[in-house]
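See structure below.
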Amino acid sequence: MAEAARNVAATGARPLGLTNCLNFGSPERNPADYQLVKAVKGMGDASRKLGVPIVSGNVSLYNETQQQPVFPTPAIGCVGVLEDVTTAMDMRWQDGETVWLVGQGQPSLGGSEYLAYIHGMTAGRPPAIDLDAEVRLIRFLHAVASARLDAAVHDLSAGGFALGIVEMALTSGIGVTLTDIDTTDRIDTTWFGESAGRVLIAVDASATMQLRRLAEEWELPHQQIGVVGGDAVVLPDGTSVQLSDALAASESALSVGVEAEMA
C-alpha cells in the first residue's frame, strides 16, 4: 500500500485512491484464511494512515497446485492527480547533478529479490514499515515537485539500493560516481537489502539547499551519496559497472529468468 502511494508521489502527483486484487490459496484451510484476514486488516490500517481510500478491489482464492497454496499476494494499485503537468518528475537525471538518499527505511534481506534469485531462498521478515514516515515522505515529494526543483526521483523497493541506482542510470543513459554510502550493514544488505520509505533524488547543485530545507521540514533523514556523470556506475571503492554491461544484463534478464525456472 505504501509503495503504491509512494510511486505515485514520486511523479509529483497526490495519491487519491487505491485498488487491490487479493490472491490467496483455499480459505477452507489454514493459513490462507488467516492470511486473508490479516491482509485486509493491514490494508485498512494503511489506507486510514495514508489518508487514501480503497475504492475498489477483488479477491482470487483457491490458487493452488497439488494442494500447495501460492504465496499470499495482495496486488495493489494507486491512482493520483497531478494538478500541474509541468511539475511532473521522472527518473532521468542530468550530468553533474548531485544524488541524494532520502528517507529513514532500514534495508533488510528478509523476503528480498536478492535472497530469491541469488540464493534460491524465501525466508525472513519483510522490511519494517513506519506509516507516519511514509506520510511525511509522500508530502515531501509533493513539495519537491511544487518547488520545481526539476528533480529526478526513484523509490527504493524491490532489488534494493543497487537496483535503484542502476535503473536511474540506464533510464538516463548517464552513469554516476557514488561517494558516501553507509556501509555499517553487511555488504549484501547495503546494496540489495529492501526497505520501505526511501527514495533516490537527483537535483542540480543550485537546488541543494532547497532540497535540504524540505527534507528537514518533513523530518526526513537525507544524505548526498554521489554525483551524476560518465558511462558507468562507480562504487566508493573505485570498482565500476559499465552501463553497456548493465544494459546487456537487463535486456537478457527475461531469458535468464525463464532458463532458471526451467532448470
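Overview of values
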{"quantity": "Near pairs, Cβ below 6 angstrom, 6+ apart or cross-chain, from the stretch 168-186 (touching a residue at least 60 places away in the same chain (Cβ under 8 Å)) to any residue that is basic (Lys, Arg)", "calculated": "Thr171/Arg92; Ser172/Arg92"}
{"quantity": "Within the stretch 1-60, tally of residues that are among the charged types (D, E, K, R) and surrounded by 21 or more Cβ atoms within 10 Å (Cβ to Cβ)", "calculated": "1"}
{"quantity": "Counted residues, the stretch 173-194 - those being modelled with pLDDT of 90 or more and hydroxyl-bearing (Ser, Thr, Tyr)", "calculated": "4"}
{"quantity": "Members of the stretch 137-176 that are of a type in the set (Ser, Thr, Tyr) and surrounded by 18 or more Cβ atoms within 10 Å (Cβ to Cβ)", "calculated": "Ser157, Ser172"}
{"quantity": "Residues satisfying the stated conditions in the stretch 28-67, i.e. among the acidic types (Asp, Glu) and within 25 Å of Glu134 (Cβ to Cβ)", "calculated": "Asp45"}
{"quantity": "Positions within the stretch 54-84 being touching a helix residue (DSSP H, G or I) at 6+ places or on another chain (Cβ under 6 Å) and not in a strand (DSSP E or B), in sequence order", "calculated": "Pro72"}
{"quantity": "Conditions (1) in contact with a Lys or Arg (Cβ under 8 Å, 6 or more places away or on another chain); (2) buried (at least 19 other Cβ atoms within 10 Å of the Cβ): number failed by Glu219", "calculated": "(2)"}
{"quantity": "Ala215 vs. criteria under 19 Å from the mean Cα position of the chain (by Cα) and part of a helix (DSSP H, G or I)", "calculated": "yes"}
{"quantity": "In the stretch 157-191, the residues that are out of contact with any Pro (no Cβ under 8 Å at 6 or more places or on another chain) and either outside the structural domain of Asp245 (by TED's automatic domain parsing) or under 22 Å from Ala2 (Cα atoms) (or both)", "calculated": "Ser157, Ala158, Gly159, Ala162, Leu163, Gly164, Ile165, Glu167, Met168, Trp191"}
{"quantity": "Close pairs from the stretch 228-247: first assigned by TED's automatic domain parsing to the domain that holds Ile201 and among the aliphatic types (A, V, I, L, M), partner outside any helix (DSSP H, G or I) and surrounded by fewer than 16 Cβ atoms within 10 Å (Cβ to Cβ), Cβ under 7 Å, at least 6 apart", "calculated": "Val228/Gln94; Val228/Asp95; Val228/Gly96; Ala232/Gln242; Leu243/Asp231"}
{"quantity": "Listing of helices (runs of 4 or more DSSP H) fully contained in the stretch 118-201 that carry 2 or more residues being of a type in the set (Gly, Ala, Ser) and under 14 Å from the mean Cα position of the chain (by Cα)", "calculated": "160-172"}
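The values are calculated or read from the model by the stated rules, or taken from the named source; none is laboratory data. Treat the numbers as computed from the prediction; the structure is a model and nothing was measured. Neighbour counts are summed over all protein chains in view; Cβ atoms, including those assigned to glycine, are modelled from backbone coordinates with ideal geometry.
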